[in-house]
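The values are calculated or read from the model by the stated rules, or taken from the named source; none is laboratory data. Remember, predicted model here, so these are calculated numbers, not experimental data. Cβ atoms come from the backbone with ideal geometry, glycine included; neighbour counts cover every protein chain shown.
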Amino acid sequence: MSIDVKFFASLREQIGKSDIQIESTDSLTCAKIWAQVCNNAPLPSHILMAVNKEYAVQSAPVQDGDEVAFFPPVTGG
Amino acid sequence: MPKQLKHSKVLIVGLGGLGAPVSLYLAAAGVGHLVLVDYDHVDLSNLQRQIIHKTSHIGQEKTVSAQIKLQALVPELQITRFNQRLSKTSLNNMLSDINVVVDCSDNFMTRFAINAACVENGTPLVSGAAVRWKGQVAVFLPAQKHSPCYRCLYNNTEDETETCSQMGILAPLVGIIGSIQALEVIKVLLGIGQSLCGKLLTFDAYTETWRTLKLRKDPACPVCSQLITDN
Ligand SMILES: [Zn+2]
């Protein structure tokens, strides 16, 4: 299956891309996608995730054709 | 100017980059009573983005500095100042007659404390945040059974994240996010339009990308889930 992965703000800078397409034959979750793109780096607890623009948890399953987006935490004011 | 605004009392936590446009627009729009909460003093480094404060107010309490500007704008505006760090008790005491709380603070601990108090008191919360190139706004209406709360989004850990004073921020970005917060407060007060309740609006200023995420109440949320009695 094919997943469209998006990174926003400081994550986009760290990863160097805003958009990555990943292919997989395994079943995937948000956390597994993060691990695959970020060389198994742990997924920080304050990162927000969305599958098809809906808030999702780390263990949320992802289907073929889904868009998964990662947002860094923002608390400044 | 709608009467409901004149009779409204809005609590603003943080008179920094977001609190500046929030308080100025709410005062100008006709909100009758603002409660200003900030324990900090005006610093030269604030002035680049905290447009309510001015050079001659450096060293003054932010709530005093803000009050001077707001009352010059709207002489009949009622203002209550609170110049201490918030505690659970002080927050709960303040919320008894507040119509909307606007979170313009700059750290997770304060945000979690404000959220918990709003859930406990059923008080609408308009939450905004911004740092570097990124901003976000959400509205929580704890009196509505299916409204998520801030704690449904983030785990309550001690980790701190980037602050504007450490990481920098582009001044207009807090203007944009704060203006949206003020807009959402007015909509909640007047009960008009579609509020951002149940949604998180995010803005990446670098790529000029806006996104709206649909939020869900976390059935295991330690702050708001015990309020669910049925489906
Ligand atoms: Zn919650």
Residue count for segment A:2-20, restricted to those that are within 10 Å of chain B (Cβ to nearest Cβ), assigned to a loop (DSSP other than H, G, I, E, B) and either free of Cβ contacts under 8 Å to residues at least 60 places away in the same chain or of a type in the set (Asp, Glu) (or both):
1
Pairs needed: first member in segment A:29-53, closer than 21 Å to residue B:152 by Cα; second member anywhere, part of a strand (DSSP E or B) and of a type in the set (Phe, Trp, Tyr); C-beta distance under 6 Å; at least 6 residues apart or different chains.
A:47/A:70; A:48/A:71; A:49/A:70
Yes or no: segment B:151-171 includes at least one residue that is more than 12 Å from chain A (Cβ to nearest Cβ) and within 16 Å of the ligand (Cβ to nearest atom).
yes
Does residue B:216 fit the bill of being within 16 Å of the ligand (Cβ to nearest atom), surrounded by fewer than 20 Cβ atoms within 10 Å (Cβ to Cβ) and either over 26 Å from residue B:92 (Cβ atoms) or at pLDDT 95 or above (or both)?
yes
Which strands (runs of 3 or more DSSP E) does segment A:28-72 wholly contain that include 3 or more residues that are in contact with a Lys or Arg (Cβ under 8 Å, 6 or more places away or on another chain) and not basic (Lys, Arg)?
A:67-71
Do we have residue B:134 as among the charged types (D, E, K, R), within 11 Å of chain A (Cβ to nearest Cβ) and at negative phi here?
yes
For residues that are part of a strand (DSSP E or B) and among the basic types (Lys, Arg), scanning just segment B:110-137, find the one that is modelled with the lowest pLDDT.
B:132
Where residues in segment B:87-109 are within 14 Å of chain A (Cβ to nearest Cβ) and modelled with pLDDT under 95, which of them is nearest to the ligand (Cβ to nearest atom)?
B:108
Give the residue, chosen from B:175, B:193, B:198, B:122, that is without any contact (Cβ under 8 Å) to a residue 24 or more places away in the chain, more than 8 Å from chain A (Cβ to nearest Cβ) and within 18 Å of the chain's Cα centre (by Cα).
B:122
Options B:113, B:143, B:182: the member that is farther than 28 Å from residue A:6 by Cα, within 16 Å of the ligand (Cβ to nearest atom), out of contact with any strand residue (DSSP E or B) (no Cβ under 7 Å at 6 or more places or on another chain) and within 14 Å of chain A (Cβ to nearest Cβ):
B:113
Pull up segment B:38-56, narrow it to residues that are closer than 17 Å to residue B:24 by Cα and not β-branched (Val, Ile, Thr), then point me to the one that is farthest from the chain's Cα centre (by Cα).
B:54
Confirm whether residue B:155 is surrounded by 24 or more Cβ atoms within 10 Å (Cβ to Cβ), among the polar types (S, T, N, Q) and not in a strand (DSSP E or B).
no
Give me the pairs: first residue in segment B:206-224 and free of Cβ contacts under 8 Å to residues at least 60 places away in the same chain, second residue within 15 Å of the ligand (Cβ to nearest atom) and assigned to a loop (DSSP other than H, G, I, E, B), beta-carbon distance under 9 Å, and six or more apart or on different chains, which are they?
B:214/B:198; B:219/B:228
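Does residue B:94 qualify as being hydrophobic (A, V, I, L, M, F, W, C) and closer than 26 Å to residue B:169 by Cβ?
Numbers: hydrophobic (A, V, I, L, M, F, W, C): yes; closer than 26 Å to residue B:169 by Cβ: no.
When the stated conditions are applied, residue B:94 does not pass them.
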State all residues of segment B:27-48 that are outside any helix (DSSP H, G or I), of a type outside the set (A, V, I, L, M, F, W, C) and surrounded by fewer than 21 Cβ atoms within 10 Å (Cβ to Cβ); if no residue qualifies, say none.
B:30, B:32, B:33, B:39, B:40, B:41, B:43, B:48
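Only one residue in B:70, B:24, B:86, B:5 is of a type in the set (A, V, I, L, M), outside any helix (DSSP H, G or I) and surrounded by 18 or more Cβ atoms within 10 Å (Cβ to Cβ), so which one is that?
B:86
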